[in-house]
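The values are calculated or read from the model by the stated rules, or taken from the named source; none is laboratory data. As the structure is a computational prediction, the values presented were derived from the model and not from experiment. All Cβ positions, even for glycine, are placed from backbone atoms using ideal geometry, and neighbour counts span all protein chains on display. We work out accessible area using only protein heavy atoms, side chains counted, and drop any ligands, DNA or RNA first. Shrake-Rupley method; radii C 1.70, N 1.55, O 1.52, S 1.80 Å.
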Amino acid sequence: MDFGSYAVALLGHRNPDVVAAVHRQLDVMPTSTRSLANPVMAEAAAQLAAYLGGTLPKVYFGLNGADAVEVAVKLARLASGRDRVLAVHGGYHGKSLGALALTHNPMFRTGLRGATVDVVHIDPEDPQAVAKEIARGNIAALVFEPVQGENGALPLPLDVLRTWSRDAKEHGAFVIADEIQCGLRRCGERSVALAEGLPVDAVLVGKPLGGGVVPLSAVVCSQEMYEPLSADPFLHSATFGGHPLSCAALPAALKAIEELADHGRSLGETLAAGLRSLRERHPEVMRGFTGRGLLWGIDFSAAHAAGEVVVELANAGLLVSPCLSRPTTVRLLPR
Ligand SMILES: Cc1ncc(COP(=O)(O)O)c(C=O)c1O
């Protein structure tokens, strides 16, 4: 059983409808030139924007999550004419140079001096953190994960996110929810930020967006944030961004995610109850657990205990994910 594919296998492996959609596209046109419109991408973009409620009408497709983070930050900086970005302690946004600047843990920047994006990491215990940084000026964007996956499946306090988002919006900075790990019903909702009524300008999705069959990520954003790309579509491009084979998976993936939403909800409740009972029985080893929906982190008393659990579970046939920046925590990402 795979609870460990870093949130990709939300539908399990080889979902038959997604595989069939990709097969069909393979026989028709797997890649296409960036010089012409590609109807499979256009249809996928329309479906994704509608799936997230239609308030964020523009879509840019990438392959990895980091692609989406890079593009979102680039657009926010260009559209606002400002440079500085606020990200959050414990956040993870990928490892390409721009995304890496937003990722909090300095371990991932070992050997690299300086960063390509001017980022300040703020503390989720400080509701005034955004207001304080705004006073220093030049803030283009606030970027957060509503539930921090790599940081042990930690939901950020919603009241703080609300205050931060409001302060950022008042200042004209873009609010970007990175839901590459927690979105698309992994944490119950299509988008946690939108479902919680946070005034976001962009939602980033990835991982299960290609149905666990092909790589696909997306920035779903407002017209205003997308403006630089509307003015010049080649402002940001990548050879394989939005290629038909990956985009063909999207409608089938979203349909399957919706069909499994109720099942996911009850599975999440069962899992939470199981974790509560485990914690009561083994308080000396299991320090606690956090999470939401189908994304949970179990915090152990020591890193070696977490490591042993990962190995023993693998031996017993269950794959789980360690947390790179929290070695005492084991992450469960069930399908
Ligand atoms: C919240 C979040 N953002 C961005 C990324 C980066 O995605 P990728 O590894 O596909 O580049 C990840 C990957 O784990 C993630 O969890």
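Worth a mention:
- Residues in segment 98-124 that are in contact with a Ser or Thr (Cβ under 9 Å, 6 or more places away or on another chain) and assigned to a helix (DSSP H, G or I): Gly98, Leu100, Ala101, Met107, Phe108, Arg109.
- Residue pairs meeting the criteria (Cβ under 6 Å; at least 6 apart or on separate chains; first touching a residue at least 40 places away in the same chain (Cβ under 8 Å), in segment 249-266; second in a helix (DSSP H, G or I) and of a type in the set (Gly, Ala, Ser)): Ala249/Ala21; Ala249/Gly210; Leu250/Ala44; Ala252/Ala21
- Some residue of segment 139-159 being of a type in the set (Val, Ile, Thr), in contact (Cβ under 8 Å) with a residue 40 or more places away in the chain and more than 11 Å from the ligand (Cβ to nearest atom): yes
- Arg109 being over 16 Å from the mean Cα position of the chain (by Cα) and surrounded by fewer than 19 Cβ atoms within 10 Å (Cβ to Cβ): yes
- Any pair with Cβ under 9 angstrom, 6 or more apart, that starts in segment 6-25 at a residue that is assigned to a loop (DSSP other than H, G, I, E, B) and ends at one that is hydroxyl-bearing (Ser, Thr, Tyr) and surrounded by 13 or more Cβ atoms within 10 Å (Cβ to Cβ): Tyr6/Ser321; Ala7/Ser321; His13/Ser5
- Test result for Pro30, assigned by TED's automatic domain parsing to the domain that holds Val175 and either under 24 Å from Gln148 (Cβ atoms) or open to solvent by 60 Å² or more (accessible area, probe 1.4 Å) (or both): no
- Boolean, Leu156 is closer than 21 Å to Asn64 by Cα, open to solvent by less than 20 Å² (accessible area, probe 1.4 Å) and not acidic (Asp, Glu): no
- Only one entry in Leu254, Leu209, Leu245, Leu250 is over 18 Å from the mean Cα position of the chain (by Cα) and at pLDDT 95 or above, namely Leu245.
- Odd one out for Leu209, checked against (1) part of a helix (DSSP H, G or I); (2) open to solvent by 50 Å² or more (accessible area, probe 1.4 Å): (2)
Residues are listed down the side, and each one gets a yes or a no for (1) under 21 Å from Pro228 (Cβ atoms); (2) touching a residue at least 40 places away in the same chain (Cβ under 8 Å); (3) open to solvent by less than 10 Å² (accessible area, probe 1.4 Å):
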{"residue": "Asn64", "(1), (2), (3)": "no, yes, no"}
{"residue": "Asp67", "(1), (2), (3)": "yes, yes, no"}
{"residue": "Arg77", "(1), (2), (3)": "yes, yes, no"}
{"residue": "Val85", "(1), (2), (3)": "yes, yes, yes"}
{"residue": "Gly90", "(1), (2), (3)": "no, yes, no"}
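- Test: Leu48 is open to solvent by less than 10 Å² (accessible area, probe 1.4 Å) and away from the ligand (no atom under 16 Å from the Cβ): yes
- Qualifying residue in segment 316-332 (condition: in a helix (DSSP H, G or I) and surrounded by 15 or more Cβ atoms within 10 Å (Cβ to Cβ)): no
- Yes/no for Asn105 being of a type outside the set (Ser, Thr, Tyr), more than 11 Å from the ligand (Cβ to nearest atom) and free of Cβ contacts under 8 Å to residues at least 60 places away in the same chain: no
- Given (1) surrounded by 13 or more Cβ atoms within 10 Å (Cβ to Cβ); (2) farther than 23 Å from Leu10 by Cα; (3) at pLDDT 95 or above, index of the condition Leu260 fails: (2)
- Residue in segment 37-44 that is open to solvent by 60 Å² or more (accessible area, probe 1.4 Å) and within 16 Å of the ligand (Cβ to nearest atom) present: no
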